[in-house]
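K.L.:
Let me give you the structure first, and then I'll get to my questions.
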Amino acid sequence: MDFTVTAGWFVRIVLAAAVGAGALALIRLLRRGDSDRWSELREQLSRSLKRRLAVFLTVFASVVALSILFPPSHLGPAWSGQAGAVLNAAWVVLTAWGCSLVLAALTGVVGWKYDMEAEDNLGARQVQTKVRILHRILVVVIWFAAAAAVLMQFERFRMLGGTMLASAGVLSIVLGISAQKTFGSIIAGIQIAFTHPINLDDVVIVEGEWGRIEEITFTYVVVRLWDQRRLVVPITYFTETVFQNWTKKSAEIIGSVFIHVDYATPLEPVREELRRLCEGAGRLWDGKTCVLQVTDAGTESITLRALVGAPDAPRAWDLRCLVREGLIAFLKEHHSDCLPRRRVVLEDKADVTTE
């Protein structure tokens, strides 16, 4: 009998040591593995995720080692029930934790595979928008179920845990009455994830401000404005309000430049100069649109509108500035007499004398 007990302890110690050694090996492998496959995997994982994974492996190995060394069945009737409940709760928490880490890792891999830094990134932005919103929803569901399962491991809270799982519909109705806006925001987030009125890194005009979609959460959207300010907008804004999305289907955009000149301005030289400016703009011009038109004729001047195409909004802005400056310089140098001027006609009237 003593030999059997000693052998059992020896086997449990060996198994616990093996689990600890395996967890330590995995942690070291994630940090500095030499394999090309592991190197590629480590590059896909963020530093924060690596730290969280290392902590998870440490806690997981500790729980496994305690389960092997001190199984509840060997603690006697006074402690076996409580120890079993605590151990089961620990396994539930570890399972939820592991699922959350797997979701985070998959989200990171998707972010690595669908790079939003690419020039044509519409597909990548749509995929990442959907994945990130679904990731947050699944994490909430996982931890809600885990909390209910943990409560069910203890006799005093078993009814509460069962109620949480069985009456999720009733709970959602009650919460929906008291938090209609919050649940409306969550539904709006799900709608955005599948219908894509906006995606991450989209160029939008919101409240008269130009910016890019930087972050999409359950309840709000962060828009990074052109001057590095952040505009925080309720997510329901994008399902209930009209807004401009310049990159809904494509990032290409046409910019316009207006110049007021005199009626005597020759148009063909100006058109040729516009073409020369576009061809010399390099990557700012998309090689497609380059048009000069007279769009208005006032009492003192005419209005020229130059339409130029660009691959995206930031380059369209730079191209518009370049064209505006170039045309003004061309008119000043070669046709200075064609700049807007005000004409005043003076008529000499003979003095009229009456007798």
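K.L.:
Largest first, what is the accessible-area ranking of TYR114, TYR263 with a 1.4 Å probe?
P.N.:
Solvent-accessible surface, decreasing: TYR263, TYR114.
K.L.:
Order the following by accessible area, largest value first: VAL291, VAL223. Probe radius 1.4 Å; ligands, DNA and RNA are ignored.
P.N.:
If we order VAL291, VAL223 from most to least accessible, we get VAL291, VAL223.
K.L.:
Please calculate the 1.4 Å probe accessible area of THR219, with all protein chains present, and give it to the nearest 10 Å².
P.N.:
Looks like 60 Å² after rounding.
K.L.:
Starting from the Cα of VAL291, step 7 Å along the direction of its Cβ; do the same at GLU240; then give the gap between the two resulting points in nm.
P.N.:
Those two pseudo-labels are separated by 3.9 nm.
K.L.:
What FRET efficiency comes out for PHE194 versus LEU138 if R0 is 22 angstrom and r is the Cβ-Cβ distance? Round to the nearest 0.05.
P.N.:
That pair, PHE194 with LEU138, gives E of 0.90.
K.L.:
Compute the length gained on full extension between SER256 and LYS50: take 0.36 nm times their separation in residues and subtract their Cα-Cα distance, giving the result in nm to one decimal.
P.N.:
69.3 nm
K.L.:
Further question on the same structure: Starting from 0.36 nm per residue, how many nanometres of slack lie between ALA264 and GLU333 once their C-alpha separation is accounted for?
P.N.:
Separation in residues times 0.36 nm, less the Cα-Cα distance, equals 23.3 nm.
K.L.:
What is the sum of charges around GLN244, taking Lys and Arg as +1, Asp and Glu as -1, for the other residues whose C-beta is under 14 Å from the C-beta of GLN244?
P.N.:
0
K.L.:
Follow-up. Report, in listed order, any pair from LYS113/LYS248; LYS50/LYS249; LYS130/LYS249 with a Cα-Cα distance greater than 27 Å.
P.N.:
The pairs that break the limit, which is 27 Å between Cα atoms, are LYS50/LYS249.
K.L.:
Now for a different question. Can you work out the PRE-style zone for ARG341? Point 7 Å along Cα to Cβ, and I want the residues of the range 280-314 with backbone N under 16 Å.
P.N.:
Under cut-off, by backbone N: 300-302.
K.L.:
Sort the range 276-319 into rounded, prolate or oblate with this rule: let a ≥ b ≥ c be the square roots of the eigenvalues of the Cα gyration tensor; rounded if a/c is under 1.5, and if a/c is not under 1.5, prolate when a/b is larger than b/c, oblate otherwise.
P.N.:
The shape class here is prolate.
K.L.:
Could you pull the accessible area for LEU87 with a 1.4 Å probe, rounded to 10 Å²?
P.N.:
Taking all protein chains as shown, LEU87 has close to 40 Å².
K.L.:
Give me the accessible area of TRP143, 1.4 Å probe, in Å² rounded to the nearest 10.
P.N.:
100
K.L.:
Which cross-chain or sequence-distant (5 or more) residues have an amide H under 5 Å from the amide H of ASP202, H modelled 1.01 Å from N in plane?
P.N.:
For ASP202, whose amide H was placed from the backbone, the distant partners under 5 Å are ILE213.
K.L.:
Classify the range 237-355: rounded, prolate or oblate, from the alpha-carbon gyration tensor (a ≥ b ≥ c, eigenvalue square roots; a/c under 1.5 rounded; otherwise prolate if a/b is larger than b/c)?
P.N.:
oblate
The values are calculated or read from the model by the stated rules, or taken from the named source; none is laboratory data. Computed from a prediction, not measured in an experiment: that's the story for all the values here. Here the Cβ is made from the backbone with ideal geometry for all residues, glycine too, and neighbour counts use every protein chain on show. Quick note on the areas: whole protein, heavy atoms, side chains included, nothing else; ligands and nucleic acids left out. Shrake-Rupley method; radii C 1.70, N 1.55, O 1.52, S 1.80 Å.
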